[in-house]
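The values are calculated or read from the model by the stated rules, or taken from the named source; none is laboratory data. Keep in mind it's a predicted model, so treat the numbers as computed, not measured. So basically every Cβ, Gly included, is an ideal-geometry build from the backbone, and we count neighbours across all protein chains shown.
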């Protein structure tokens, strides 16, 4: 069926016309609300309070979701929302990485707020169409597409019965359908999910952008927390944003020259330094694979180990040979980092699309670690194939990789077997079983339905149905708050343990990545040092999510003299660039202290949001023990010299004559005690009480003593 025939079968459910406006200093000054239950469309003003307290991006998403939901709203209730907001800086093309959007919803995995950042063109195009955020509520009766047409100022809800579900096909179909010509395909961006997002709780959103060089639609993912599952639960087949053109100054900034000067300096660094630093333009984030392996940080066999003898099979040089080189790979215009690598013309070996030749975006480092080493699979082509299917089916590669490794360890320990898995041999390294599990998840059948629940609910299922040892499952199940861990071994970095388990949304490395500062360079040796790092870096990284900026240009290439600065881990020159860019876009001059306070307001609001929902306390910041130390004798003995030395030198233990079982127990007592001390130190630094609740005086100092916030925290002081 042609796209014209598909479009002819659309049924218009609602059309809303609005007056096209002009963005002023980074803000469109209104948001778009769509309710699919009522086919209601309306505009909402962006208030000064929203700008002052919540800034944009993730902040706007949190504020809108708070106002739209109740404390007991479930992820699959109609009143749950998906909110997409790009932030005031998003959409500029003169500084690298300014095309990000933040997506906010109540997560099916965690039952709290999830936020996920994503590239692609949808966020900027949404703003160019006249809106600082899109807020989608309700549930459609049949599959619908929401079209935001910035060409003529219309919003349409269209019943869409015939298009594909899987993202790689659907995004192509809708790009062809809504583009006025081949030359204007780059003005269409599509948000979609896929079949597995319908049948699991680990669904992703795919945000498209049209690659003019390849003449193909490509995908970037808002991966964490199951937001794609929320999309399909609402019967949204896709969201489409259409731009008229991409201008040099769509944000109508205050000082374009200042932005250009910062961008020119950064671009020079990329050209001159990237090949010797991180090789982002050649390998993307996959350059990290052997570095993590060398430092015993690459997760292997469900985070048991941090390195593997077969690393050369997934070494960065392998990915460089797989990725198409010498072609622009930015996921937003003007990003000279160009790290969105892709494998062209990859022939699929399994599944519904077997034999098709497709473009595969990535894999990123996290995908290599999750789908590869953590499952003890060191086969690059398998990782590429699994990456493709995760994307088009709408599966989070991080959650899928981590939960599959967990299932493999359960299989290894006899908790599950072929009878319980419906014939799947989930031994470590069995790539065929992994692909079949993924295809089952997409089809909504077999053991794939159980896997798609996520680790927290899988553990409960195994205890209730198979009589599994709950304590052991909690020790090896790498989740916190219901969200699966991303792919770094944190055992030897107490700060990174906090950087995972103390996050508001669950263990995702985008909030704090402190392993090298802590473990390798010993730059933060005391609890106070670690607490300061776990205050500053999560707040600094939150700021990117308020603005619509990518984090990678901050420190994945550094100025040549960065090591000579007082605080090289912060990359001071780049921090100053961001302050300059924000001021040049908005006309609001801030310093680095106010930058952190902007983030603190939103960060504390999110913590209170979690408390409002019955979470957000100290007990919810507990980590699985494997994140801190060896659970099994096998783990201990694989690094016996290291652990023996820690017991003797760090903890003053006499271990002579003690068995491995005894030493595992002694080490655990110390490791767990250190983590509790870290919680105390971090909470104190963040202005929270010992239960993890923001103190009223701290909220007042930040200017976040809003009545609705104080109502939640006052009983817990």
Residue 545 being modelled with pLDDT of 95 or more, under 25 Å from residue 253 (Cβ atoms), touching a strand residue (DSSP E or B) at 6+ places or on another chain (Cβ under 7 Å) and not assigned by TED's automatic domain parsing to the domain that holds residue 88: yes
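Residue-by-condition table, conditions (1) buried (at least 21 other Cβ atoms within 10 Å of the Cβ); (2) under 16 Å from the mean Cα position of the chain (by Cα); (3) closer than 30 Å to residue 245 by Cα:
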{"position": "58", "(1), (2), (3)": "yes, yes, yes"}
{"position": "68", "(1), (2), (3)": "no, no, no"}
{"position": "72", "(1), (2), (3)": "no, no, no"}
{"position": "90", "(1), (2), (3)": "yes, no, yes"}
Any hit, the stretch 274-291, residues being under 21 Å from residue 581 (Cβ atoms), surrounded by fewer than 22 Cβ atoms within 10 Å (Cβ to Cβ), touching a helix residue (DSSP H, G or I) at 6+ places or on another chain (Cβ under 7 Å) and in contact (Cβ under 8 Å) with a residue 60 or more places away in the chain: yes
Some residue of the stretch 92-99 being in contact (Cβ under 8 Å) with a residue 60 or more places away in the chain and touching a strand residue (DSSP E or B) at 6+ places or on another chain (Cβ under 7 Å): no
Sole exception among (1) touching a residue at least 24 places away in the same chain (Cβ under 8 Å); (2) under 21 Å from residue 669 (Cβ atoms); (3) touching a helix residue (DSSP H, G or I) at 6+ places or on another chain (Cβ under 7 Å); (4) not in a loop (DSSP other than H, G, I, E, B) for residue 496, by number: (1)
Pairs, first on the phi > 0 side of the Ramachandran plot and assigned by TED's automatic domain parsing to the domain that holds residue 463 in the stretch 415-427, second part of a loop (DSSP other than H, G, I, E, B) and surrounded by 13 or more Cβ atoms within 10 Å (Cβ to Cβ), C-beta under 9 Å, six or more apart: 422/446; 423/446
Some residue of the stretch 250-257 being within 28 Å of residue 203 (Cβ to Cβ), crowded, with 21+ Cβ neighbours inside 10 Å and within 27 Å of the chain's Cα centre (by Cα): no
Filter result (touching a residue at least 12 places away in the same chain (Cβ under 8 Å) and surrounded by fewer than 22 Cβ atoms within 10 Å (Cβ to Cβ)) within the stretch 354-377: 357, 358, 359, 376
Given (1) surrounded by 22 or more Cβ atoms within 10 Å (Cβ to Cβ); (2) closer than 29 Å to residue 455 by Cα; (3) in contact (Cβ under 8 Å) with a residue 60 or more places away in the chain, number of the condition residue 335 does not satisfy: (2)
